[in-house]
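To keep things clear, I will list the structure first and then write my remarks on it.
The values are calculated or read from the model by the stated rules, or taken from the named source; none is laboratory data. Keep in mind that what you see is a predicted model, and the values were worked out from it rather than measured. Don't worry about glycine lacking a Cβ; one is built from the backbone with ideal geometry, like all the others, and counts go over all protein chains shown. Accessible surface is based on the protein model in full, side chains and every heavy atom, while ligands, DNA and RNA are left aside. Shrake-Rupley method; radii C 1.70, N 1.55, O 1.52, S 1.80 Å.
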Number of protein chains: 2
Amino acid sequence: MRPQKIEEQEMLNGFAKLFKEKGYEGTSLAELAVVTGLKKASLYHRFPKGKEEMAKAVLLSINEWVEKHVFNTLTNPSLSPEERLKNGLQSIQKLYDDGNTPCLLQAFSVQSGIEVFHQLINDSMSDWVDAFTNIGLAFDLSQSAAKEKATQVLIAIQGSLIVSRGFNNPNIFINSLTNIEAMYTQE
Amino acid sequence: MRPQKIEEQEMLNGFAKLFKEKGYEGTSLAELAVVTGLKKASLYHRFPKGKEEMAKAVLLSINEWVEKHVFNTLTNPSLSPEERLKNGLQSIQKLYDDGNTPCLLQAFSVQSGIEVFHQLINDSMSDWVDAFTNIGLAFDLSQSAAKEKATQVLIAIQGSLIVSRGFNNPNIFINSLTNIEAMYTQE
DNA sequence: AATATTTTACCGAACGTTCGGTTAATAAAA
DNA sequence: TTTTATTAACCGAACGTTCGGTAAAATATT
């Protein structure tokens, strides 16, 4: 069996960069091909269902990373709530490259018109809220208060990414992460 | 002189709907034509520089609406700070159709690659921060505290629009507006 | 060890479609 | 008649996708 020129995960990383910056419709197969070093036709050998399959694979790949590095940290029972929160936020900071990289959920929630994406976005956001609800409970909040605060956290993350990008100032995102930590430790 | 089939403002309203939902690249000239009732070629009579001019016109049109209905209200010296804030937030709620309509700045900040847009987005966001900084000063905050809070407000608006859309639940946006009011009146 | 077969990875070229944009002619009011 | 608004027809380029065939490694046969 002939060896692959590039491994799947490497392809997905390249895809992710494009999709995050340019959205689904804004990213062309020509660009997706260039970023992998393969030709357009070869992409269809790897992803027979085409562009939509590539995008879905990127979404799932990022979801896995988040599951592993963010959610697992936030809910790690062997750490104190303070440590879980701090480490989880650090992973989030890394996920968005210190505020320099847009969120794929945002990029895909605009346009694309593809229905499956809406469901994946909805599910993914639910996971975020669940993870932060868990942290809220660890800080002795009531179930409803924990969920309310978790929603505020998701809003702060998403909003600060937007505003950071608008002002071209990643510090706005970084500051928001600090504020989020304070929302739990100082209230 | 032959009369126009549709007035400019009506066209812009139709354009806005499309651009907000589908983004810049995601919206085709064919769709822009359908929504106006004109043919593609006619769009070029009205907007000789094409799609980019149409998009820019929509941005400016919305900026004008916001200037008039949101910023002027927030800074209206003949009202109390509480009333200015309340009325301004009501206009914002209307602007985003109770959380059912995405923000054009978001839709255009993804993809598009057109440099002029970045500047317009940056300028527009600056106006938002300035307006809410003004309200913060009216609530006796220091300049820096007012600006800091204004940034938080913009983040909350943008973030809650994203999350509302993700969960297909406009109430999240409505609640955020309520929280924003409380940020000034209860602190 | 050498050869033939199979399997997988890749790619050049073209597909039909849609993109944003243009041109030349028509329709309608002043 | 002049001026403006509209449009049918058209354009080159790019889109996502498909297909026939090649390149290269693994396996089976001699």
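Of everything in region B:18-50 that's out of contact with any helix residue (DSSP H, G or I) (no Cβ under 7 Å at 6 or more places or on another chain) and within 14 Å of chain A (Cβ to nearest Cβ), which residue is surrounded by the most Cβ atoms within 10 Å (Cβ to Cβ)?
Here the residue is B:K22.
Here is a check on your reading of the model: is A:E53 in contact with a Pro (Cβ under 9 Å, 6 or more places away or on another chain) and closer than 29 Å to B:K22 by Cβ?
no
Condition first: surrounded by 15 or more Cβ atoms within 10 Å (Cβ to Cβ) and either without any contact (Cβ under 8 Å) to a residue 24 or more places away in the chain or within 14 Å of another protein chain (Cβ to nearest Cβ) (or both). Can you find one or more residues in region A:1-11 that meet it?
The answer is no; no qualifying residue exists.
This table checks each residue for (1) more than 14 Å from chain A (Cβ to nearest Cβ); (2) surrounded by fewer than 21 Cβ atoms within 10 Å (Cβ to Cβ); (3) on the phi > 0 side of the Ramachandran plot.
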residue	(1), (2), (3)
B:D98	yes, yes, yes
B:Q106	no, no, no
B:I121	no, no, no
B:A138	yes, yes, no
B:S142	yes, yes, no
B:A156	no, no, no
B:I172	no, no, no
B:T178	no, yes, no
B:E181	yes, yes, no
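Have a look at B:N168, B:N100 and point out the one that is closer than 24 Å to B:F15 by Cα, under 14 Å from the mean Cα position of the chain (by Cα) and polar (S, T, N, Q).
B:N100 is the lone residue from the list that is closer than 24 Å to B:F15 by Cα, under 14 Å from the mean Cα position of the chain (by Cα) and polar (S, T, N, Q).
Taking the condition of being in a loop (DSSP other than H, G, I, E, B) and open to solvent by 20 Å² or more (accessible area, probe 1.4 Å), how many residues in region A:108-119 meet it?
Number of matching residues: 2.
Of all residues in region A:144-154, which are facing another protein chain (nearest Cβ under 9 Å) and open to solvent by 60 Å² or more (accessible area, probe 1.4 Å)?
A:E148
Does B:D127 satisfy the criteria of being part of a helix (DSSP H, G or I), touching a residue at least 24 places away in the same chain (Cβ under 8 Å), open to solvent by 10 Å² or more (accessible area, probe 1.4 Å) and not β-branched (V, I, T)?
Considered against the rule, which asks whether it is part of a helix (DSSP H, G or I), touching a residue at least 24 places away in the same chain (Cβ under 8 Å), open to solvent by 10 Å² or more (accessible area, probe 1.4 Å) and not β-branched (V, I, T), B:D127 comes out as yes.
Just give me the residues in region A:158-170 being surrounded by fewer than 17 Cβ atoms within 10 Å (Cβ to Cβ) and more than 9 Å from chain B (Cβ to nearest Cβ), in sequence order.
Within region A:158-170, A:N169 is the sole residue that qualifies.
Considering only residues of region B:21-60 that are among the hydrophobic types (A, V, I, L, M, F, W, C) and under 21 Å from B:V110 (Cα atoms), which is farthest from DNA strand C (Cβ to nearest atom)?
Among residues in region B:21-60 that are among the hydrophobic types (A, V, I, L, M, F, W, C) and under 21 Å from B:V110 (Cα atoms), the one farthest from DNA strand C (Cβ to nearest atom) is B:L60.
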